[in-house]
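Notes follow the structure.
Bear in mind these aren't lab numbers, they're just calculated from the coordinates by the rules spelled out. Everything numeric in this text was worked out from a predicted model, so none of it was measured. Neighbour counts run over all protein chains shown; Cβ positions are idealised from the backbone, glycine included.
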Amino acid sequence: MRADRVFVYGATAGLIGDLLLGDPRHGHPVAAFGRAADAVERVLWRDHRGWGALHTAVCAGGAAAGAALLAQGAGRRPALSVALTAAATWTVVGGASLGREARAIGAALADGDVARARERLPHLCGRDPQFLDEQQIARAVVESVAENTSDAVVGALVWGAVAGVPGLVGFRAVNTLDAMVGHKSPRYRRFGWASARLDDVAGWPGARLTAALAVLAGGDARGAVHAWRTDAHRHPSPNAGPVEAAFAGALGVRLGGTLSYGGRVEHRPVLNGRGRPVRTTDIERAVRLSRRTGLLALGVSAVGRLAVGQLMKRARGARYKARHKGEVR
């Protein structure tokens, strides 16, 4: 079986597994990677970019290399290769958990239990929830759903289509490292620089595809395109900007504004200023948009991988004919 078909079958099975089962309940490989990265950090940490780059190379490179060895071990056994791809996809894609956490917060807000919503918010994003009201919590959830659609679903599928199991695992490793050390705290301002920049590079194609698919899957394509074009560049993150702006336009809501991370207040620009403030009911709409976007991303990744595989097959055939042309004569 060709590698392109292995990816298509395996990624489809893995995404279905995520939709039906969610994340593994116990012994999640991403959690194990986080513990390993933390152990490496305790050995390598210095307030220096070079040591941070080494930490990134050891952790992300080690994860991708290990995945490559597993893929090579599966070798020419198609069923095992498909199973490995499915398992990797199920492990690294987090769409079901994203939707579950967002809906749990939405349910708490719908019940008028703002305290419970504040308690659950850290499961979804890193904002300080103590002083957020209902509208601010709902906005934080919608923004997190948008950004994590790219980080936890679409980006992984894109890199899986490009590089198979090593691409899936490597992308999730980079994204996890950025969450661990890529923020601008005093400890990680220099040490986490390499992880943050690598995550920006790795997330670039997935973020643009997520924004484009949100335009197609949302209810207001014109509004999504307008918000993406006019507001995305104002966001401090080169990848979260297009995604959040496209979601804001597609949903007809206004995102951005003042927020707080780890006691640090940020005044972010407003995305889709023509939209209305976020309501609790918009959380469910955002989750559904995220789900549609993820399914479309699987289709795009599969078609792209099959197209590239077909082109490579034709190129190999052309080289073979050219090499043996003289022998036929």
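Computed from Cα atoms, the angle from the helix 29-44 axis to the main principal axis of the chain rounds to 80 degrees. Protection proxy ranking, highest mean first, for peptides 138-148, 301-311: 138-148, 301-311, where packing is the per-residue count of other beta-carbon atoms within 10 Å, averaged. Note on segment 3-328: dipole from Cβ charges, positive end direction compared against V181, A74, H267; the farthest Cα belongs to A74. Amide H contacts of R127 (H built 1.01 Å from N, in plane; Pro and chain starts excluded): no residue 5 or more places away or on another chain comes under 5 Å. Seen against the Cα atoms of the chain and their longest principal axis, helix 240-251 is set at about 70 degrees. Helix 49-74 and the long axis of the chain differ in direction by around 50°, with both axes built from C-alpha atoms. Globularity index of segment 277-324 is 2.16 (Cα radius of gyration / 2.2 N^0.38 Å, N = number of residues).
Zone of M1 (label point 7 Å along Cα→Cβ, backbone N under 15 Å): which residues in segment 147-169? Only 164-165 pass the distance filter. What you get for the chain, charging only the Cβ of Lys and Arg (+1) and of Asp and Glu (-1), is a dipole of about 1560 debye around the Cα centre.
With R₀ fixed at 35 Å, the C-beta to C-beta distance from W204 to Q72 puts the FRET efficiency at about 0.80. Tell me, how many Å apart are the Cα centres for segment 277-300 and for segment 53-97? Value for the Cα centre distance between the two parts: 27 Å. Using Cα springs under 10 Å in a Gaussian network model of the chain, which residue among R190, R35, R319 shows the largest mean-square fluctuation? Highest fluctuation among the options: R319. Taking 0.36 nm per residue of separation and subtracting the Cα-Cα distance, full extension of the segment from L306 to V43 would add 90.4 nm. Across the options G309, A32, N239, the greatest Cα extent toward the positive end of the charge dipole of segment 3-328 (unit charges at beta carbon of Lys, Arg, Asp, Glu) belongs to G309. In a simple Cβ point-charge model (Lys, Arg +1; Asp, Glu -1; nothing else charged), segment 64-146 has a dipole of about 540 debye relative to its Cα centre.
Within segment 202-329, the proportion of Cα pairs with more than 27 Å between them is 36 percent.
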